[in-house]
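For reference, the structure is listed below as structure tokens.
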Amino acid sequence: MDLARSSREPAVAGTFYPADPASLRREVARLVRSELPARDAVACLAPHAGYVYSGAIAGRTFAEVRVPRRAIVLCPNHTGRGAARSIWPEGAWRTPLGEVAVDAELAARVAHEAGLTPDRAAHLREHAVEVELPLLLRARERTMRSGDAPAAAGDPLSIVPVCLAGLSLAACTAIGEGLARAIGDEDVLIVASSDMSHYLPADTARALDELALNALVALEAEALYRTVALHDISMCGVVPATVAVVAARALGATRATLVRYGNSGEASGDFDRVVGYAGVTIER
């Protein structure tokens, strides 16, 4: 199949979130709450587990930001497949709510400036971009309905999917700086897709996750990366989060806000072995 023209099919519809369009539409409407005030953001961090576990935190995060017509969605590589710095350059991603086009022009700039490799393999079975898309679509629809939306508000969402494997701090910094150059003064939201600590008692997970989140909210990319390594925090998306902070700072971000923190035990009732989730917004 031609990479440039291919469509990426859903990999986790029916498991992480509903595959039935009507059911999914109801779910995202419930999770992305329309009564919350949305504000401009340079970037955000959102979790990517099944909606029953992390959907409320991800939905609340996207509800609190104005989602422009273009988003760069950064995720970790859970599968080990494909290029370490993978970008899906053209085509579309299919969801139960319809296709989401890949912004080929922005993707080409991102690939050039950030040194990314056009690649399908890293994305085909990876869930961490896919899970965000129905929520982003709902939040984008809300932005288009907003009375104070910009002129381009009528344009549907388009994305640049980026999947990053374990990379050095220097590599994260270079990619983040490249993202900022590719974006320039254009209206693009950076989304870092990440869960926090995995399979620890809830109190232990929270204590470790607070260390990472304190660095992230302080917009200290190096401290975030080194804290996760030093304390062996199983934050799967530390690389995307570090890249996002570097890019956001280069684009003028000055503050970040923890929207909400929680864990899987809130849904499962098992607090002995949880996964932590956090939503963070980053603004100028």
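Laboratory data are not the source of any read-out in this text; all were calculated from the coordinates shown. A quick note: this is a predicted structure, and the numbers were derived from the prediction, not measured. Neighbour counts run over all protein chains shown; Cβ positions are idealised from the backbone, glycine included.
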Given contacts defined as C-alpha pairs under 8 Å and at least six residues apart, what's the relative contact order of region 183-284, whole-number percent?
37
So for the chain, taking the charge dipole from beta-carbon charges (+1 Lys/Arg, -1 Asp/Glu), which of PRO47, SER234, TRP93 sits furthest toward the positive end?
TRP93
Between the residues GLY82, ALA248, TYR17, the Cα farthest towards the positive end of the dipole of the chain, that dipole coming from +1 and -1 charges on the beta-carbon of Lys, Arg, Asp and Glu, is from TYR17
What 222 nm value per residue comes from the helices of the chain, counting each DSSP H run with n ≥ 4 as -39,500 (n - 2.57) and dividing by all residues, nearest 500 deg cm²/dmol?
-11500 deg cm²/dmol
Neighbour-count order for ASP272, ASP103, ASP20, fewest beta carbons within 10 angstrom listed first:
ASP272, ASP20, ASP103
Cα gyration tensor, region 232-284 - rounded (a/c under 1.5), prolate or oblate:
oblate
Counting other beta carbons within 10 Å of each Cβ, put PHE271, PHE62 in order, fewest first.
PHE271, PHE62
Taking other Cβ within 10 Å of each residue's Cβ, how do GLU222, GLU141 sort, fewest first?
GLU222, GLU141
Rounded, prolate or oblate for region 107-186? Axes are the square roots of the Cα gyration tensor eigenvalues, ordered a ≥ b ≥ c, and the cut-off for rounded is a/c under 1.5.
oblate
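Relative contact order (percent) for region 3-283, with alpha-carbon contacts under 8 angstrom and 6 or more residues of separation?
Relative contact order comes out at 27 percent.
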Among HIS198, VAL217, THR281, the residue whose Cα sits farthest towards the positive end of the charge dipole of the chain (+1 at Cβ of Lys and Arg, -1 at Cβ of Asp and Glu, taken about the Cα centre) is THR281
What helices does the chain hold that run 20 Å or longer along their axis, going by alpha-carbon atoms, with a Kyte-Doolittle average of 0.0 or more, using DSSP H for the helix calls?
169-183, 202-217
Just in region 1-78: which GluC sites (Glu not before Pro) are loop by DSSP and have at most 13 other Cβ atoms within 10 Å?
GLU35
Which shape class, rounded, prolate or oblate, goes with the chain when its Cα gyration tensor gives a ≥ b ≥ c as root eigenvalues, a/c under 1.5 marks rounded, and past that a/b bigger than b/c marks prolate?
rounded
Treating the beta-carbon of each Lys and Arg as +1 and of each Asp and Glu as -1, no other charges, what is the dipole magnitude of the chain about its Cα centre, to the nearest 20 debye?
340
